[in-house]
Amino acid sequence: MPHLPDVVLWSIPAFVLLTALELVSYRLHPDDRSEGYEAKDAATSIGMGLGSLLFDALWKIPIVAIYTALYELTPLRVPVLWWTLPLTLLAQDFFYYWSHRGHHVVRILWACHVVHHSSRKFNLTTALRQPWTSLTVWPFYVPMVLAGVHPAAVAFCSSANLVYQFWVHTERVGRLPRPFEYVLNTPSHHRVHHASQGGYLDRNFGGILIVWDRMFGSFVPEGERPVYGLTKNIHTYNPLRVATHEYAAIGRDVKAARSWRERFGRVFRGPGWQPDRPAEGRTTPAAVPERVA
């Protein structure tokens, strides 16, 4: 098995330092056009991040078992070398785009990812607001394992992608020079992704590269000032509720559904999906799913 560093662990001091610098910058140079920091919100985001470390360690057990079995079944092998790792990271970023996009358009997947969008602030602590149910992510990287990429290399590239995305969660960085904005995911692009306006919904899914969004029609440049959070915000700082509120909403909607078609739609259609019903028979749904960009 290749010995690759734990880039998330090694990056924690940088996370702490950059967050402290951003917080100080708001104290020294307040900006009425930015959301800034709010103590309870930041504490919730940090708590969600710490909780995700614990739950991810649990989810890794079945995921590693599945990846290892698939890796042993395929005759293909991609060696872990200085020149193959950048190509592997490129492939991982491509599949991350589709995983991220899928977690916005399939409600049961959105129930996992909605956690990351539940803050109405946008600062570096928002990057730490991670889900506790990330077991839904692993199927998107199965093609890499079947192509002969060692599971440890997949994990390393996924961690590197996550670390990169930390710095794009800020309003203190404006637009970068055009070549960077054209190729990379930047704070400007990611502000759009976290916005709740209709024109910004389900846009800019890229992790490291924004070129996937340009290629597949999901790119929108930053224009009007983003309004962050959900289209129906949850108004809670309780980490357990933040982690599970959409699963609870799905359960209520499935219980209230009138047919198996509607039950299927409530789980596997888009987060905003509503069944077609005759006007005279229309009732208020058990819960209206939250929606964000």
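Take every Cα pair under 8 Å whose residues are at least 6 apart in sequence, average their separation, divide by the length of the chain, and the relative contact order is 23 percent.
What you get for the range 110-247, charging only the Cβ of Lys and Arg (+1) and of Asp and Glu (-1), is a dipole of about 320 debye around the Cα centre.
Rolling a 1.4 Å probe across the protein heavy atoms gives the range 145-276 an accessible surface of 46 Å² per residue. Taking amide H positions as modeled 1.01 Å from N, with prolines and chain starts lacking one, the residues under 5 Å from Ala195 and 5 or more places away or on another chain are Ala293. Between Leu58 and Asp32, the simple label model (points 7 Å from Cα in the Cβ direction) yields a spacing of 4.7 nm. If you run the Gaussian network model on the chain, springs between alpha carbon atoms under 10 Å, then out of Ala147, Ala111, Ala243 the most flexible one is Ala147. Helices of the chain meeting both criteria, an alpha-carbon length of 24 angstrom or more along the long axis and an average Kyte-Doolittle score not below 0.0, with helices taken as full DSSP H segments, are 7-28, 39-73. Computed with a 1.4 Å probe on the full set of protein chains, the accessible area for Leu28 sits at about 120 Å². Taking chymotrypsin sites (Phe, Trp or Tyr not before Pro) as exposed when their DSSP state is a loop state and no more than 10 other Cβ atoms lie within 10 Å, the longest site-free interval of the chain runs over 84-293.
In the set [x] 0.96; [y] 1.12; [z] 1.04, which value of Cα Rg over 2.2 N^0.38 Å was calculated from the structure you see? The value matching this structure is [z]. If you average the alpha carbon positions of the range 127-164 and of the range 1-66, how far apart do those two centres end up, in angstrom? Each part's Cα centre sits 17 Å from the other's.
Springs between Cα atoms under 10 Å define the GNM used for the chain, and in it the highest mean-square fluctuation of Asp276, Asp253, Asp93 occurs at Asp276. Look at the alpha carbon pairs under 8 Å that are at least 6 residues apart: their mean separation over the length of the range 57-141 gives a relative contact order of 31 percent. Expressed as a whole percent, the accessible area of the range 125-179 that falls on carbon and sulfur atoms is 73 (1.4 Å probe).
Find out how many positive minus negative residues lie around Phe264, taking Lys and Arg as positive, Asp and Glu as negative, among other residues whose Cβ is under 13 Å from that of Phe264. Net local charge, Phe264 excluded: +4.
I need the calculated FRET efficiency for the pair Met215 and Leu176, taking r as the beta carbon distance and R₀ as 22 Å, to the nearest 0.05. The calculated FRET efficiency here is 0.65. For the chain, adding -39500 (n - 2.57) for each run of n ≥ 4 DSSP H residues and dividing by the number of residues yields -17000 deg cm²/dmol at 222 nm. For the range 1-54, the per residue solvent-accessible surface stands at 69 Å², with DNA, RNA and ligands left out and a 1.4 Å probe. Scanning residues 5 or more positions from Leu209 or on other chains, those with amide H under 5 Å from its amide H are Asn185, with H placed 1.01 Å from N in the peptide plane. Relative contact order of the range 1-130: 46 percent, from C-alpha pairs under 8 Å at least 6 residues apart in sequence.
The values are calculated or read from the model by the stated rules, or taken from the named source; none is laboratory data. This structure is a prediction, so every number in the text was calculated from the model and none was measured. Because the Cβ atoms are built from the backbone with ideal geometry, glycine has one as well, and the counts that use them run over all protein chains shown. Areas reflect the complete protein model, heavy atoms only, side chains present, ligands, DNA and RNA absent. Shrake-Rupley method; radii C 1.70, N 1.55, O 1.52, S 1.80 Å.
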